[in-house]
Amino acid sequence: MKNPSLIILLISAISLLTTCNRTGHTDWAQFRGNNASGIASDASEPPIVFGEDENLLWKIDLPVGSSSPVLRENHIYLTAYVEENKELQTLCIERTTGQVLWSKSVYPEKFEKPHAVADPAPATIAADAAGIYVYFASYGIMHLDHEGTLKWEFPLPVPENVLYGNPSSPVIMDNKLILKLDYGPADERCLLALDKMNGEVIWKSLIQDNSPLVNYGYPGYSTPVRMQNQVIVHRCGGIAAYSLEDGSPIWWLQIMTNGIGTPVIHDGVIYISAWMELSEAERRGKYFTYDKFDKLVEDFDLNGDKLIGLEEIPEDLMLFSRPGAEELESTSFSVRRIFRGMDKDKNGLADESEWTNSYNYWNGVADDFGLMAIPSGLKGELTLNDILWMQMEKTPEVPSPIAYAGCIFMVKDGGWVTCMDAKSGEVYYQEKTGVTGPYIASPVLAKGKMYLSSYNGTITVIEAGKTPRKISENKLHGKIMATPAIAGKNLYIRTSEHLYAFK
């Protein structure tokens, strides 16, 4: 044998290929796959045309839930909520048949308050060789092995007096399970690192500076991502990086963002869609035309007392709206809803001082923000001068961006797709897909094709290039809030009614 090392290498490669061919599987083991990128492995080639009767491998009924499917070897894992039993479920499903292999249920005494269109099972599971890690804000964290046996659990208090609950998903980084608990008072919001094998706390780091959004009760929804040995967090009221080793803050930037979209990393740059209700001019309502109290009185003072009562404010005088998502509850915000906070003396009337103070507050938080590019290697407190660029139009509220082939892609309500140059932020195009309505699920990508899932159940497949090209539209039953998963030749999509596997 002239070159035993080469022979051993070839045997190992053949063994690996044989294993891959036998299972046909690659993993998608957390929210949006590898480091939440939304991009499938190079070996993945899912169908681009599919539907109820086309390229369908199987379809099963599911309980309510908006967590995304994750894939580990031959298993699919997801969570669900059975309202009549007040039951939170963890489900293990066989990937090739759709058979439910096992389920694990917990019955919390109290439940978090989810968004009007969501549910108490929004956080996506994280999986590795040792098992799965499940987070319910109404219960805490559980580590189960792949047969469903509980290995450890870490109880957490149920979020109270928090707008919309906590859908942030756990992620695995080295020996640590990382979870962002971005809700409640500023001095309680934290980034938590547990030993993934035994559930013991390795470190806990506060993640909040004071922010008007935090004081108002907003949680941060995004999932942390990793950049080298840093944990990147898009939090309510800002963006920050923490040491993976000990949780110490490395850099931080305070901005007006709700902390919803999960960051993506591309060529050493962090891309984050900073969004809040007032961060774009097209969403701001006519309220902002009434900076002068005299004009307000002239238009709406019905009884001539030079004051404004709640009933005198028109219902359609809006603080903000969400163009393209009007069908969802609470997408528009009438000025009537801020009247109680405006009326400081609680006499049921707003005088000039009360109106002006309220206007100055809301006008002060109505900053222009959007998709931001942040370089690596920063330290300490940042300002906007430290970022590479920001694109402030058509920023999505919920869907996270995709970074691919030197471009950044994002999709927002109304079916708007934006493609930008990753280095400069130059916009290559902003076009509508033709599929309108809200967009909650994040886009995913395989083989240069991007899958855009509308809330109303249509998945549009487009070419991920610098010019817009639509490939297909695919309609399914039910609403889509969960982000699809891709592995091998299979595409997995959860709707409000079913879990689909396409081939």
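The values are calculated or read from the model by the stated rules, or taken from the named source; none is laboratory data. If you're wondering where the values come from, they're calculated on a predicted model, not measured in any experiment. Counting neighbours? That spans all protein chains shown, and the Cβs are built from the backbone with ideal geometry, glycine included.
Side notes on the structure shown:
- Annotation: K346 fulfils all but one of (1) basic (K, R); (2) free of Cβ contacts under 8 Å to residues at least 60 places away in the same chain; (3) within 21 Å of L253 (Cα to Cα); the unmet one is (3).
- Options P219, P224, P249; residue that is crowded, with 22+ Cβ neighbours inside 10 Å and either more than 30 Å from I39 (Cα to Cα) or without any contact (Cβ under 8 Å) to a residue 60 or more places away in the chain (or both): P224
- Pairs meeting the criteria (first residue in region 446-465 and in the same structural domain as K412 (by TED's automatic domain parsing) and in a loop (DSSP other than H, G, I, E, B), second residue basic (K, R) and surrounded by fewer than 23 Cβ atoms within 10 Å (Cβ to Cβ), beta carbons under 7 Å, at least 6 apart or on different chains) are Y455/K479; N456/K479; G457/K475; G457/K479; A464/K449.
- Taken as a whole, the structure places T262 among residues that are out of contact with any strand residue (DSSP E or B) (no Cβ under 6 Å at 6 or more places or on another chain), surrounded by 20 or more Cβ atoms within 10 Å (Cβ to Cβ), of a type outside the set (F, W, Y) and farther than 22 Å from N161 by Cβ.
- Residues satisfying the stated conditions in region 33-53, i.e. free of Cβ contacts under 8 Å to residues at least 40 places away in the same chain and more than 30 Å from I272 (Cα to Cα): D53
- A search for C-beta distances below 8 Å between a residue of region 327-340 that is within 28 Å of K479 (Cα to Cα) and any residue that is β-branched (V, I, T) and in a loop (DSSP other than H, G, I, E, B), counting only pairs 6+ apart in sequence or on different chains, returns L328/V117; E329/V117; S334/I313.
- Residue among K196, K176, K151 that alone is within 23 Å of G247 (Cα to Cα) and either surrounded by fewer than 23 Cβ atoms within 10 Å (Cβ to Cβ) or touching a Cys at 6+ places or on another chain (Cβ under 9 Å) (or both): K176
- Residues (part of a helix (DSSP H, G or I) and closer than 30 Å to M481 by Cβ) located in region 343-398: W362, V365
One line per residue, one yes/no per condition, for (1) touching a residue at least 60 places away in the same chain (Cβ under 8 Å); (2) under 23 Å from E94 (Cβ atoms):
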residue: A121; (1), (2): no, yes
residue: A127; (1), (2): yes, yes
residue: M142; (1), (2): no, yes
residue: P155; (1), (2): no, no
residue: L163; (1), (2): no, no
residue: L179; (1), (2): no, no
residue: Y183; (1), (2): no, no
residue: G199; (1), (2): no, no
residue: Q208; (1), (2): no, no
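- Flag if D413 is surrounded by 24 or more Cβ atoms within 10 Å (Cβ to Cβ) and not hydroxyl-bearing (S, T, Y): yes
- Per the conditions (1) within 30 Å of T433 (Cα to Cα); (2) outside any helix (DSSP H, G or I); (3) touching a residue at least 24 places away in the same chain (Cβ under 8 Å), the sole criterion not satisfied by D316 is (3).
- When we screen G437, G414 for residues that are under 23 Å from H498 (Cβ atoms), assigned by TED's automatic domain parsing to the domain that holds P46 and of a type in the set (G, A, S), the only hit is G437.
- So S138, is it among the polar types (S, T, N, Q), assigned to a loop (DSSP other than H, G, I, E, B), surrounded by 20 or more Cβ atoms within 10 Å (Cβ to Cβ) and in contact with a Pro (Cβ under 8 Å, 6 or more places away or on another chain): yes
- Flag for L192 being in a strand (DSSP E or B) and free of Cβ contacts under 8 Å to residues at least 24 places away in the same chain: yes
- Pairs, first within 19 Å of R336 (Cβ to Cβ) and assigned by TED's automatic domain parsing to the domain that holds V335 in region 294-308, second of a type in the set (K, R) and at pLDDT 95 or above, C-beta under 8 Å, six or more apart: V297/K306
- Members of region 131-170 found to be β-branched (V, I, T) and in contact with a Gly (Cβ under 8 Å, 6 or more places away or on another chain), listed by number: I141, V162
- Looking only at region 416-431, and only at residues there that are among the aromatic types (F, W, Y) and either out of contact with any strand residue (DSSP E or B) (no Cβ under 9 Å at 6 or more places or on another chain) or farther than 18 Å from V398 by Cα (or both), the one that is surrounded by the most Cβ atoms within 10 Å (Cβ to Cβ): Y428
- Check on G65, of a type outside the set (D, E), under 21 Å from the mean Cα position of the chain (by Cα) and over 22 Å from M410 (Cβ atoms): yes
- Here no strands (runs of 3 or more DSSP E) wholly within region 209-253 include at least 2 residues being modelled with pLDDT of 95 or more, aromatic (F, W, Y) and within 26 Å of S442 (Cα to Cα).
- Those residues of region 356-406 which are farther than 17 Å from I232 by Cα, touching a Gly at 6+ places or on another chain (Cβ under 9 Å) and crowded, with 19+ Cβ neighbours inside 10 Å, in sequence order: S358, Q391, K394, T395, P396, E397, V398, P399, Y404
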